[in-house]
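The values are calculated or read from the model by the stated rules, or taken from the named source; none is laboratory data. Being a predicted model, the structure only gives us computed values, none of them experimental. Virtual Cβ from ideal backbone geometry, glycine too; neighbours counted across all protein chains shown. All accessible areas refer to the heavy atoms of the entire protein, side chains included, with ligands and DNA or RNA removed. Shrake-Rupley method; radii C 1.70, N 1.55, O 1.52, S 1.80 Å.
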Amino acid sequence: MAACVARRALAVGSRWWSRSLAATRGSRPLCAVGGAGALPPVATATTRRHLSSRNRAEGKVLETVGVFEVPKQNGKYETGQLFLHSIFGYRGVVLFPWQARLYDRDVASATPEKAENPAGHGSKEVKGKTHTYYQVLIDARDCPHISQRSQTEAVTFLANHDDSRALYAIPGLDYVSHEDILPYTSTDQVPIQHELFERFLLYDQTKAPPFVARETLRAWQEKNHPWLELSDVHRETTENIRVTVIPFYMGMREAQNSHVYWWRYCIRLENLDSDVVQLRERHWRIFSLSGTLETVRGRGVVGREPVLSKEQPAFQYSSHVSLQASSGHMWGTFRFERPDGSHFDVRIPPFSLESNKDEKTPPSGLHW
């Protein structure tokens, strides 16, 4: 009989999961702590020897929520695929895929070094390669446990002109890379708790996975495509700290007889080493096609100075930028601190801010 173990820290590194799944060699039960305030699913039968009272939340019992499947090395996951996030540990479901261009500056290029230009910091020209990402829903039960490591309201939109809010968010909506998907199956007809789950997906036991897209999901995807689309991903590693940036165009607004263009950018910081480091400062350079170059410095990011360790190796957040031009570039550095007090700078890969001039009106509401 297989057993599971409760996890005390949520941000489990992908390296731990790789070892765990490799050892399973087949389907194993996926378990979670039951009851109010439950932690998300955490482990497999290979961890039986670690099960002890100090690993189990007081007053909670473990319950099976599904069975792990073998991750796909090739091909895409289908709409309705249940998964565990390999970095942040939350349960989720795939809505639909995006085919993005990944510009990985860690991959050696045959192109010689280029001189510094407004797009970045004098490095190699990088050719993009196709990479699959997924639009997903996050299980609402897991959101409180990942809020310190990843924003659960990171997908934002421009509000209507007559709305007092500048931005609004769809809670529990995320983008996940193919390699971060740990697929599992469940016999539960509503295995993910999210207000959009049953609005977007229909249970069909004859299908695999047994959740198929409703017409509302297809319509929502089509109408909001310009504001959801993930097209470019930029990645670079400095001293074992990997920075991944995904920019999104949000639309244009008119303000004081001028056009203001908005973008959202999602950043993930990953510590690929075992040494503990802490983010202390950010330094941005923002170039606008109008000819302006702005410098932004500050403490931490989104009001935090996250610690990246072997146990919690990643932090993910989103922010916004606006320009009075239809395009521009951003690049910069993050300053990290080691336990001995020394500092080092980590490069943020340069990325373009491009607008879609044919789509000037952001969505008004969810566009069902």
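Values for this structure:
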quantity	calculated
Index of the failed condition, TYR249 passing every other in (1) at pLDDT 95 or above; (2) under 19 Å from the mean Cα position of the chain (by Cα); (3) over 20 Å from HIS85 (Cα atoms)	(1)
Selection within region 194-213 - open to solvent by less than 90 Å² (accessible area, probe 1.4 Å) and not in a strand (DSSP E or B)	HIS194, LEU196, PHE197, PHE200, ASP204, PRO209, PRO210
Qualifying residues in region 310-328 (those that are out of contact with any Lys or Arg (no Cβ under 8 Å at 6 or more places or on another chain) and farther than 21 Å from THR152 by Cα) - the one surrounded by the most Cβ atoms within 10 Å (Cβ to Cβ)	GLY328
Sole exception among (1) open to solvent by 20 Å² or more (accessible area, probe 1.4 Å); (2) touching an Asp or Glu at 6+ places or on another chain (Cβ under 9 Å) for ILE241, by number	(1)
Single condition ALA43 does not satisfy, out of (1) in contact with a helix residue (DSSP H, G or I) (Cβ under 9 Å, 6 or more places away or on another chain); (2) modelled with pLDDT under 50; (3) surrounded by fewer than 18 Cβ atoms within 10 Å (Cβ to Cβ)	(3)
Which numbered condition THR295 misses (of (1) surrounded by 18 or more Cβ atoms within 10 Å (Cβ to Cβ); (2) farther than 22 Å from SER231 by Cα; (3) at pLDDT 95 or above; (4) of a type in the set (S, T, N, Q))	(1)
Whichever residue in region 156-178 is outside any strand (DSSP E or B) and at pLDDT 85 or above and, among such residues, is most open to solvent (accessible area, probe 1.4 Å)	PRO171
Residues of region 273-292 satisfying the condition of being open to solvent by less than 60 Å² (accessible area, probe 1.4 Å) and aliphatic (A, V, I, L, M)	VAL277, LEU279, ILE286
Qualifying residue in region 254-272 (condition: crowded, with 19+ Cβ neighbours inside 10 Å, free of Cβ contacts under 8 Å to residues at least 60 places away in the same chain and small (Gly, Ala, Ser))	no
Selected residue (criterion: surrounded by the fewest Cβ atoms within 10 Å (Cβ to Cβ)) from residues of region 214-226 that are in contact (Cβ under 8 Å) with a residue 12 or more places away in the chain and under 29 Å from TRP263 (Cα atoms)	ALA219
VAL65 vs. criteria part of a strand (DSSP E or B) and modelled with pLDDT under 95	yes
